[in-house]
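Visitor: The structure under discussion is supplied below as structure tokens; questions concerning it will follow.
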Amino acid sequence: MDIQEAAKPDIRPEVGPKPNEAGSEIRIEGLKKAFGDHRVLDGVDLDIRRGDIVAIVGGSGCGKTVLLNHILGELIPDAGSVRVVDYRKPDEPLVDIATLDDHEFDLIQTRWGVVFQRNALFSGTVYDNIELWLKEVRDLDDEEIEAIAERVLAAVALPEGAEFLHTTIESLSGGMAKRLAIARAISMEPKVIFYDEPTTGLDPTSAAQIQDLVFATHHEGAPAPPGRTTVIITHDKDLLNRLHPRIVLLHDGRVAFDGPFAEFEASDTPVIRPYFDLMPVLHRRPAPSA
């Protein structure tokens with residue numbers, strides 16, 4: 001729970017899968033990353049278990065998005081490793097993503113859903129956004145895709161029917177665009193969903209609806225036990241208060257707190273309390289790249 005006081009040794013990637021006795025979904029060991037002279041991650045150790053709801057928090061520039069981008073394979077670590085479940089294999093081992101080629105990692109990522117801060121919706125229509133991966137990855141026909149589209153739009157409380165499916169992305173409100181991004185993510189029936197600042201920029205009513213939707217998509221329509229895993233990058237104190245997730249606080253490049261929201265909220269340590277009090281201000285600001 002306390003701030004780590006000693007640097008962790010570098011952990012070099014191991015070749016081949018690693019047994020998954022602990023029921024981990026994602027295991028990060030000794031992760032380090034610097035940009036020039038600025039070290040953002042300085043030995044992050046984190047085990048995200050299957051079925052967890054985990055909120056990764058911390059001050060601006062602490063490395064939340066850098067950590068997420070390592071998990072998503074967008075960045076290569078300077079040291080340490082990121083291991084994820086390889087659902088392609090019967091025993092579902094943990095595999096170091098550094099050992100995978102692009103095709104192998106793409107296959108693993110088909111079991112993931114990602115909701116980006118700015119939604120990353122494609123130009124075109126609502127249907128175009130839901131269709132792409134269902135056609136390209138699962139090779140479904142239009143009739144099958146339309147049935148899934150109707151189901152996931154209903155799940156996120158968006159209008160159903162042909163008229164809305166052919167609505168252009170540009171005509172959607174911020175809250176509707178966020179709902180569509182979530183609908184697109186769950187259309188692939190993912191084992192893991194990642195959210196990057198899901199409520200930033202939304203009005204309070206829309207934000208509360210998205211908070212409830214994040215909770216609902218974690219539990220409803222989830223895979224068989226241990227269920228779906230949800231990872232959220234956020235400054236949103238209201239979201240944490242509604243979901244009561246496991247909190248992981250990054251500070252000075254390492255995990256400074258890892259535990260229940262109730263303990264995080266009650267803490268008066270010189271790292272947690274100032275950040276907790278500042279969260280509403282940070283949440284209203286545009287998120288930096290790190």
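Please treat every number below as a calculation from the coordinates, not as lab data. The structure presented is a predicted model; accordingly, all values stated were derived computationally and were not measured. Glycine gets a Cβ as well: all are built from the backbone with ideal geometry, and neighbour counts include every protein chain shown.
Visitor: From the helices alone, meaning DSSP H stretches of at least four residues, give me the mean residue ellipticity at 222 nm for the chain, per-run term -39500 (n - 2.57), in deg cm²/dmol to the nearest 500.
Guide: Helices in the chain give a 222 nm mean residue ellipticity of -10000 deg cm²/dmol.
Visitor: Ranking Ser267, Ser60, Ser123 by Cβ neighbours within 10 Å, fewest first, what do you get?
Guide: Arranged by neighbour count, lowest to highest, Ser267, Ser60, Ser123 become Ser123, Ser60, Ser267.
Visitor: A further question follows. Total Lys pairs in the chain closer than 25 Å by alpha-carbon, pairs eight or more apart in sequence or interchain only?
Guide: For the chain, the number of qualifying lysine pairs is 19.
Visitor: Over the alpha-carbon set of segment 112-189, divide Rg by the Kirkwood Rh and report the Rg/Rh ratio to two decimals.
Guide: 0.91
Visitor: Among bridges DSSP assigns within the chain, what percent are antiparallel (round to 5)?
Guide: Taking every DSSP beta bridge within the chain, about 60 percent pair in antiparallel fashion.
Visitor: Determine the gain in length on full extension of the stretch Lys135-Glu163; use 0.36 nm per residue of separation and subtract their C-alpha separation, reporting nm with one decimal.
Guide: Answer, rounded to one decimal: 8.0 nm.
Visitor: Could you line up His235, His218 from fewest to most neighbouring Cβ atoms inside 10 Å?
Guide: Sorted ascending by nearby Cβ count, the order is His218, His235.
Visitor: Here's a follow-up. Grab the eigenvalues of the alpha-carbon gyration tensor for segment 149-290, scale each by 5, take roots, and send me the semi-axes largest first in whole angstrom.
Guide: 30, 18, 12
Visitor: Next question. If you take the alpha carbon radius of gyration of the chain and divide it by 2.2 N^0.38 Å, what ratio comes out, to two decimals?
Guide: Scaled against compact globular proteins, the figure is 1.00.
Visitor: Quick check: pseudo-label points 7 Å beyond the Cα along Cα→Cβ at Arg151 and Phe35, how many nm apart are they?
Guide: Each label point lies 7 Å from its Cα, and together they span 4.0 nm.
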